[in-house]
Amino acid sequence: MHQNLDSRIQTLLKQKNWPTLTKIQEMSFPSISNGNNTLIIAPTGYGKTEAAVLPLFNQMINEDVKPVAVLYITPLKALINDLSLRIDWWASKLGLIVNRKHGEVPQKEKNLRLKHAPHILVTTPEGLEIDLDWASKFRDFYKNVRWVIIDEVHELINSKRGSQLAILLERLKYFTGRDFQRIGLSATVSNENLVADFLFGSSDRKRSIIKLEGKRDFQIKVKKIDNGSWEDAASSLISSIEPPSLIFTNSRFSTERLHEELEKLGQKDVFVHHSSISRDLKDMVEEKLRKNQSNAVICTKTLELGIHIGEIKKVIMFRPPPSVSSFLQRLGRSGHSVSGTPNGEIISMFDFDVLESLALCEMAKKGKVEKPIVDNSLDVVARELLGHLLQNQETKLEDFYKIVTGARAFSNLGIKTFMRMIDCLEANGLLKKEGDVLKLGPNFFRVWRFNREYKTIWCKDFSEFFSLINNNDTFSLRFEGKVIGEIDAVYVYKHIRVNDVIRISGKLWKVTRINVNKMSLDVVPENSRKGEIPIWRGENISKSYMIAKGESIILKEGKIDKKILDDKAYSSIKELTDFYKEKEIPFPSNSTIVLEKRDEEWVYSAIIDERISNTIAHIMLYLTSKRYTLSTYARASIYGFSIKGSPIDLLQELKDYDEEKMKAVIKKAILRSSLFIATLKEIQPSFGRLGRKIDPERDKFIVNEALRQTLRKYFSVKGTISFLKSIREEKISIVTYGGETPIGDAVVSHVPIRPWLIDIVESIYEALKGGAYTSSELAEVLGIPLKSLENKLKQLKKMSDKYKISSFIDVDSKEVRWVLVDDFQNIVNSDDYFTSFTPSNLEETFIALLKSADRESQIELIFKPKDIIQNPEDIKRRIPFEDIGELRVIDMNEMSYSTPLKFYGVSRQVIAYILLNATTYIQSVKFS
């Protein structure tokens, strides 16, 4: 027992039946008690939470502390309830109030914190953001903050939420005028000084890093199933489950699919837990684990962190996790105590799963984990500046620059880049600059709106402003008014219809109503045996470079740990290594590429960093789609890369590119990738360009920032240039093999990367959404040959759903622009294209000749532009067919010598706009 521990806390330790503090708690006590900023590093289950709070309680009960004295920040809402109860057990007995803050806390509890402000507040980064930016009444309590605890630091540091929190801590320091003490809790990390810098920011306090030395023992078994089928996987799981077990998967789809198979095999008390089921259902599953009422829970990353769910006897990983740190976190959920030994299994479906499992175990036993990379995305800075202005109404430029550069993530942010960001925000009306003073601009509340029902492509819900979690558009599933889960909007549009049966949360639900405006599906329970499992976007998780390193060691040195493999797994890995020995070809590695040709696909197997293979694959995809064919795809993984459709070996061409040419082609390839488009769409709201056409010149700052983020997250320019240089200098050899190889099989098992998002239709839809583009612009953005694109655009004119498009003439540039029919009204009313639908003479008379799509009917309309403006619906009523095959518009005053303006494939839905566009164009030509 620590000698300075207050007797009241010692009494509570006895109530807990704790004979003493744990080692990490003893080690942390002096540093925290002395006021040092402290980073505590220890595996799961060693009592890091108490290591942080007990020294603070020891001080608080002997001092007159005002609320809020302690701010406890955790990355997951799911952890808040658990931590609040855990901390309150101590605090309530010591006369201290604990409160929690997240979006699902009942309103009554939220109101209570104003009447009885808590000494300890447990929240998320988003909760702190809301309070600082918007909670004007409660905000003043933050001036009393003396201690900030950041839980699961390793989970935050690599993300935008981490950099958001880093700036929030600097804003809090500025607001309180106090250098409060910072305490971080982390699992094992490889660069603890970097994590400490991230956590402590601009604080001048002394710092300490408290770390449990030595590696934690664990028990692991790698199993291989026979045929790689879901039924075999479920059967294997049944023999492995030791209640209660956690079964981790790498995707929500796998979670639901495994549950379906286990259900078919008659397994009871097995539940599902992932991010797309409701909080109520997740709470129910967690409670069943705590009460030992569950045999197993199939889950994703949602149960990877430290939620208290009782004693887990065994962790089963269905296929190897994507990183060493994730492997250790998942494994650590069993043996969740100081004396416990983590116990787990990895179920492998394929030969390369066994290889990955061995690599994970190899690196974990050596204590090797991934290096953190601090996120420094500038959309975070933009959002924090706007939040700071919400809080303070105005700020001096130099004051905020000092705040933001106090955060470790942005300590190297140059003043020139910062000012370019300011100029961008000012140009888009999100802020205004008066000398060196910044204020919110006129467009802020046009972009971020309070009215939830007012949902257009031009604005976002105000509540979304406070979060940097990238939420794709989703439909909520509702049963009797209660949300039970969510699925991607794209999946709903493409696949879901009324009366369809879907599987989510381990149960079957029949769709009774689709409400597109409210983005919700009404469902009722279904008793049938079959249902579709939704596919969620973002389920393709990249594999860590540490796995590639571990595999290289195993293949080069032949280090196979037989003790952890079952017979099938050992046979699998032995057959893989024997293949290369018998064929007398070297193992693929970071110094050897094995090239094979499979029909039209060039397959290059090598054990390398996935970001390098991803870069090369995207370059090859760009060159092939631009030069040869749109019927192409590429693949990328830690096992190498491939390209289909190229008549030549593109790697031989790429290795001879000089550095500047390589950088140029990488940039072109990435600008045409779906990864860039997704990133651009994600950051646009932060800079005020939501739903508007991005102009590469005007919006250069936004485009460059999206490119920088895409490169940083998914690609490696330096690594690729070095890799290709090594090929050129023959430091990396290329061996051609006439057949198919096991690692080549691993390459082609990965999902193809195509030159569009899902298919060409979806790609065009995503690119057009909210904008109007010429064929050339679309071809450039999508990397699609112009002729292929134009053929597809003609087809889309004939569609009858959300993909239906139309075209108009840009009066200023005299170019034809394409637009989604659903977006046409917004485009007509936009600042960019308003002049293309505004005739100069409203009294002039025109004739419109219309043919039906089947060319069997024809009508003639005589009209004036003012008639359309005054009563656009009347024009629609006068047309007896829905789709117009051909429209010709003629100036009645010049019929004898003017050429009719022609449009093809026009929807009656937008005929009024097309007629206004036609008359505007005819008049502009006549009067120019």
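Any residue in the stretch 779-800 that is out of contact with any Pro (no Cβ under 6 Å at 6 or more places or on another chain), at pLDDT 80 or above, of a type in the set (Ser, Thr, Tyr) and not assigned by TED's automatic domain parsing to the domain that holds Leu621? Taking every residue of the stretch 779-800 in turn, none turns out to be out of contact with any Pro (no Cβ under 6 Å at 6 or more places or on another chain), at pLDDT 80 or above, of a type in the set (Ser, Thr, Tyr) and not assigned by TED's automatic domain parsing to the domain that holds Leu621. Elements of the type strands (runs of 3 or more DSSP E) sitting completely within the stretch 186-282 and holding at least 1 residues that are closer than 30 Å to His102 by Cβ: these cover 207-211, 245-248, 270-273. Within the stretch 244-269, the set of residues being β-branched (Val, Ile, Thr) and over 25 Å from Glu486 (Cβ atoms) is empty. Would you call Asp832 more than 30 Å from Gly429 (Cβ to Cβ), assigned to a loop (DSSP other than H, G, I, E, B) and touching a residue at least 40 places away in the same chain (Cβ under 8 Å)? So Asp832 does not fit the description; no.
From Leu121, Leu114, Leu132, grab the single residue that is on the phi < 0 side of the Ramachandran plot and crowded, with 23+ Cβ neighbours inside 10 Å.
Among Leu121, Leu114, Leu132, only Leu121 is on the phi < 0 side of the Ramachandran plot and crowded, with 23+ Cβ neighbours inside 10 Å.
Taking the criterion of being over 21 Å from Val354 (Cβ atoms) and either aliphatic (A, V, I, L, M) or touching a Lys or Arg at 6+ places or on another chain (Cβ under 8 Å) (or both), would at least one residue in the stretch 247-255 satisfy it? Checked against the condition, which is being over 21 Å from Val354 (Cβ atoms) and either aliphatic (A, V, I, L, M) or touching a Lys or Arg at 6+ places or on another chain (Cβ under 8 Å) (or both), the stretch 247-255 yields no hits at all.
Among the residues of the stretch 300-342, what is the count of those that are hydrophobic (A, V, I, L, M, F, W, C), within 21 Å of Ile277 (Cα to Cα) and at pLDDT below 90? Count: 4. The set of residues in the stretch 835-860 that are aliphatic (A, V, I, L, M) and either in a strand (DSSP E or B) or under 45 Å from the mean Cα position of the chain (by Cα) (or both) comprises Ile847, Ala848, Leu849, Leu850, Ala853, Ile859. The set of residues in the stretch 590-625 being of a type in the set (Gly, Ala, Ser) and crowded, with 22+ Cβ neighbours inside 10 Å consists of Ser605, Ala606, Ser613, Ala617, Ser625.
All conditions in (1) modelled with pLDDT of 85 or more; (2) within 16 Å of Ile484 (Cβ to Cβ) hold for Lys518, with the sole exception of (1).
For the stretch 316-324, state whether one or more residues are within 21 Å of the chain's Cα centre (by Cα), hydrophobic (A, V, I, L, M, F, W, C) and in the same structural domain as Leu246 (by TED's automatic domain parsing). Within the stretch 316-324, one or more residues are within 21 Å of the chain's Cα centre (by Cα), hydrophobic (A, V, I, L, M, F, W, C) and in the same structural domain as Leu246 (by TED's automatic domain parsing).
The condition of being closer than 27 Å to Pro588 by Cα, among the β-branched types (Val, Ile, Thr) and part of a helix (DSSP H, G or I) holds for only one of Val381, Val354, Val404, that being Val354. Flag set for Lys66, criterion: basic (Lys, Arg), more than 14 Å from Glu152 (Cα to Cα) and either more than 36 Å from the chain's Cα centre (by Cα) or in the same structural domain as Glu384 (by TED's automatic domain parsing) (or both).
Only residues that are more than 20 Å from Phe462 (Cβ to Cβ), at pLDDT below 85 and surrounded by fewer than 18 Cβ atoms within 10 Å (Cβ to Cβ) were counted across the stretch 72-111, and they come to 4.
Right, Ile677: in contact (Cβ under 8 Å) with a residue 60 or more places away in the chain, assigned to a loop (DSSP other than H, G, I, E, B) and hydrophobic (A, V, I, L, M, F, W, C) or not?
Considered against the rule, which asks whether it is in contact (Cβ under 8 Å) with a residue 60 or more places away in the chain, assigned to a loop (DSSP other than H, G, I, E, B) and hydrophobic (A, V, I, L, M, F, W, C), Ile677 comes out as no.
Count of the stretch 695-729 residues, restricted to those that are assigned to a loop (DSSP other than H, G, I, E, B) and buried (at least 18 other Cβ atoms within 10 Å of the Cβ), is 3.
Pick from Asp64, Asp88, Asp82: which is of a type outside the set (Lys, Arg) and part of a loop (DSSP other than H, G, I, E, B)?
Asp64
Would you please name the residue that is nearest to Glu50 (Cα to Cα), looking only at residues in the stretch 169-185 that are assigned to a helix (DSSP H, G or I) and of a type outside the set (Phe, Trp, Tyr)? If we take residues in the stretch 169-185 being assigned to a helix (DSSP H, G or I) and of a type outside the set (Phe, Trp, Tyr), then Leu169 is nearest to Glu50 (Cα to Cα). Residues considered: Asp822, Asp810. Of these, the only one that is touching a strand residue (DSSP E or B) at 6+ places or on another chain (Cβ under 7 Å), surrounded by 14 or more Cβ atoms within 10 Å (Cβ to Cβ) and in the same structural domain as Arg908 (by TED's automatic domain parsing) is Asp810.
The values are calculated or read from the model by the stated rules, or taken from the named source; none is laboratory data. This one's a predicted model, so the numbers in the text were calculated from it and none came from an experiment. Ideal geometry is used to build each Cβ from the backbone, glycine not excepted, and the neighbour counts take in all protein chains shown.
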